[in-house]
Amino acid sequence: MEYDLVVRGGRVVTGAEIMDCDVGIQGGRVAALGANLPGARTLDAGGLLVLPGGVDTHCHIEQTDGGVTNEETFVTASESAFAGGTTSVICFSGQERGRPIRETLEPYRQAASKAMLDYSFHQTITDPTDAVVRDELPAIVESGIRSFKVFLTYDRVHIDDRQYLRVLAAARRLGALVTVHCENYEAIRWRTEALLADGRTGAKYHGWSRPTIVEREATHRAIALAELVDQPIQIFHVSCDEVAEEIARAQARGLKVWGETCTQYFVLTADDMDRPGMEGGKYICSPPPRGAGENEKLWARVRRDTLDIVSSDHSGHSVFGTRGKSRHGADANFRDIANGVPGLAARLPLVFSEGVSKGRIDLNRFVRLVASNPARLMGLYPRKGTIAVGSDADLALWDPDRKVTLTQALMQHAIDYTPYEGMEVTGWPVATLSRGEVVMRDGKVQAEPGRGRFLPRAPYDLIRPTGVLPDGFDAAAVLA
Ligand code: URP
Ligand code: ZN
Ligand code: ZN
């Protein structure tokens with residue numbers, strides 16, 4: 001048979017294998033892996049790696065927080081993702097306290113329907129009332145949104161321990177994963193007040209307001225309470241070794257606790273925030289980039305599988321403009337500067353360059369970190385995150401030797417800067433395919449808005465509770 005398209009002569013890399021073979025694509029799916037496959041069209045991949053398209057399970061796209069909507073739309077985020085070899089994302093439907101989730105979820109679904117890439121949602125829970133837990137969450141999970149995000153910090157969204165327990169119990173009942181932003185709210189508030197009262201207002205004091213200990217404490221607590229309920233969790237955006245150590249201890253005890261880290265923690269440091277005015281503000285994110293040397297410790301944790309996913313935590317705030325980081329003024333104090341850095345397009349090139357090209361990880365681990373593991377943990381595997389017969393034909397054709405200097409223009413996002421400006425990478429995507437369609441070639445993105453598909457996530461084994469309760473008493477079952 002003749003395939004719709006054959007990607008010819010590349011080196012196919014999955015999370016476990018490396019094969020020199022053609023990829024035959026039919027109806028948007030991988031239909032064959034083999035030699036000399038016949039195709040109506042061919043795409044030459046000689047000298048290139050053929051990787052699964054990146055799966056970025058932590059992206060803030062067109063999200064509204066406190067009345068301000070990210071500048072990155074589903075269309076611009078799709079362009080940026082394709083430019084960097086990523087083909088699927090999971091972003092956030094945000095709950096606003098005091099409002100039913102459906103009032104924000106439905107408009108968010110509408111916005112996402114313009115996407116060019118495939119997508120799913122995490123549902124943030126900031127207000128787990130009876131109505132939300134009993135009436136709304138079952139339908140939301142049933143619709144395929146099989147993960148929640150909760151925040152243990154930030155003024156408008158943090159939940160307390162009792163509320164967190166309630167979310168854990170609901171997730172266990174419904175078969176959903178809970179992802180957790182781990183920083184201690186009160187400790188940060190207390191230190192922030194002290195810093196501002198002491199006249200320490202510059203961007204670098206963002207880091208001082210939330211040292212590693214507040215992230216470690218919240219991580220320890222998030223894990224302990226999840227253990228109490230027997231609910232699997234993922235710790236988001238791990239910035240440092242001492243937090244990874246908490247996760248490693250939980251994993252050694254047999255708990256279902258996974259750790260995600262993000263591109264920025266490998267290449268940015270606290271010194272980046274120590275620049276005048278909004279130049280420092282560009283690098284503000286939470287948890288903040290840490291000291292020099294922390295990146296090597298994170299790579300060691302990656303090699304030991306404590307941290308098994310690298311996401312971008314792509315955040316859609318420019319520096320300038322009414323929605324930008326400087327919306328409270330060019331000299332705003334650190335508390336008033338929006339958190340988060342953009343990184344959707346830069347994720348694969350930076351992780352490849354820092355990881356594979358510099359000899360810290362091998363090719364298969366790279367694929368696991370940026371595609372297979374996120375797809376597995378979020379219930380998208382093997383449709384996404386691998387190259388196998390039956391999988392969606394989402395591919396990144398990768399030149400492992402291409403040297404590129406990262407620039408704002410290459411990111412193809414709606415944001416007005418990249419925190420990675422001027423960084424040199426070795427390894428670059430020369431083409432991206434989404435369900436068999438060439439959506440990026442030599443940096444030129446071409447795809448129809450609305451072609452992206454929502455990825456509903458059915459129940460899956462990985463996030464099934466362990467069945468072990470610390471003392472046998474199941475409080476979560478009584479207090480449903
Ligand atoms: O600073 C960050 N990470 N901003 C995005 C929101 C979040 O906490 O993930
Ligand atoms: Zn977070
Ligand atoms: Zn985030």
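Rule-based calculations on the coordinates, nothing more; no lab input. Keep in mind that this is a model prediction, so the values were computed, not measured. Cβ coordinates were reconstructed from backbone atoms using ideal geometry, including for glycine residues, and neighbour counts include every protein chain displayed.
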**OP:** Quick one: dipole size for segment 351-433, taken about the Cα centre, charges +1 on Lys/Arg Cβ and -1 on Asp/Glu Cβ, in debye to the nearest 20.
**Re:** 380
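In the chain, what is the volume of the convex hull around the alpha carbon atoms, normalised per residue and reported in Å³? Kindly include the intermediate steps, with their values, before the conclusion.
Details: hull volume 61.9 nm³, N = 480.
Each residue corresponds to 129 Å³ of Cα convex hull volume.
Could you tell me the relative contact order of the chain? Use alpha-carbon pairs under 8 Å, at least six residues apart, and round to a whole percent.
Worked out over the chain, it gives 22 percent.
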**OP:** Using label points projected 7 Å from each Cα along Cα→Cβ, tell me how many nm separate Arg156 and Thr42, to one decimal.
**Re:** 5.4
Subject >> segment 414-480: chymotrypsin sites (Phe, Trp or Tyr not before Pro) in DSSP loop, at most 16 other beta carbons within 10 Å >> reply: Tyr460, Phe473
Original post:
Measuring from a point 7 Å past the Cα of Arg304 along Cα-to-C-beta, which residues in segment 242-270 have an amide N at less than 13 Å?
Top reply: 242-253
**OP:** Would you please state the base-10 log of I(q)/I(0) at q = 0.19, 0.20, 0.25, 0.26 1/Å for segment 266-343, with intensities from the Debye formula using one equal scatterer on every alpha carbon?
**Re:** -0.81, -0.87, -1.16, -1.22
Subject >> Net charge of neighbours whose Cβ lies under 15 Å from the Cβ of Ile125, counting Lys and Arg as +1 and Asp and Glu as -1 >> reply: +2
Subject >> Cut-off under 5 Å, modelled amide H: who pairs with Tyr3 long-range >> reply: Gly39, Ala40
Subject >> Under-5 Å amide H pairs with Arg29, H placed in peptide plane, nonlocal only >> reply: Ala393
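First select every other residue whose beta carbon is under 13 angstrom from the beta carbon of Gln408; then total the charges, Lys and Arg +1, Asp and Glu -1.
Working: positive: Lys282; negative: Asp416, Glu421.
Surrounding charge for Gln408 is -1.
Please give the net charge around Gly436, taking every other residue with its beta carbon less than 12 angstrom from that of Gly436, where Lys and Arg add +1 and Asp and Glu add -1. Numbers along the way, then the final one.
Values: positive: Arg29, Arg41, Arg435, Arg451; negative: Asp4, Asp392, Asp394, Glu437.
Value of the local net charge: 0.
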Original post:
Considering only Cα-Cα distances, which of the following residue pairs are longer than 21 Å: Lys297/Lys403; Lys358/Lys403; Lys204/Lys325; Lys114/Lys444; Lys204/Lys282; Lys403/Lys444?
Top reply: Lys297/Lys403
Subject >> Descending semi-axes in whole angstrom, ellipsoid equivalent of segment 323-480, from the Cα gyration tensor >> reply: 33, 26, 18
**OP:** Let me have the relative contact order for segment 1-127, percent, based on Cα pairs under 8 Å that are six or more residues apart.
**Re:** 20
**OP:** With only Lys, Arg, Asp and Glu charged, each at its Cβ (+1 for the first two, -1 for the last two), find how big the charge dipole of segment 123-281 is about the Cα centre; round to the nearest 20 debye.
**Re:** 340
Subject >> Sites Leu196 and Ala139 - FRET efficiency at Förster radius 35 Å, r taken between beta-carbons, to 0.05 >> reply: 0.25
**OP:** May I ask which residue of Val30, His181, Ile145 lies farthest towards the positive end of the charge dipole of the chain, with charges of +1 (Lys, Arg) and -1 (Asp, Glu) on Cβ and the Cα centre as origin?
**Re:** Val30
Original post:
Arranged by the count of other C-beta atoms within 10 angstrom, fewest first, what order do Val302, Val7 take?
Top reply: Val302, Val7
**OP:** For segment 83-132, give the magnitude of the charge dipole about the Cα centre (Cβ charges: +1 Lys/Arg, -1 Asp/Glu; no others), in debye to the nearest 20.
**Re:** 140
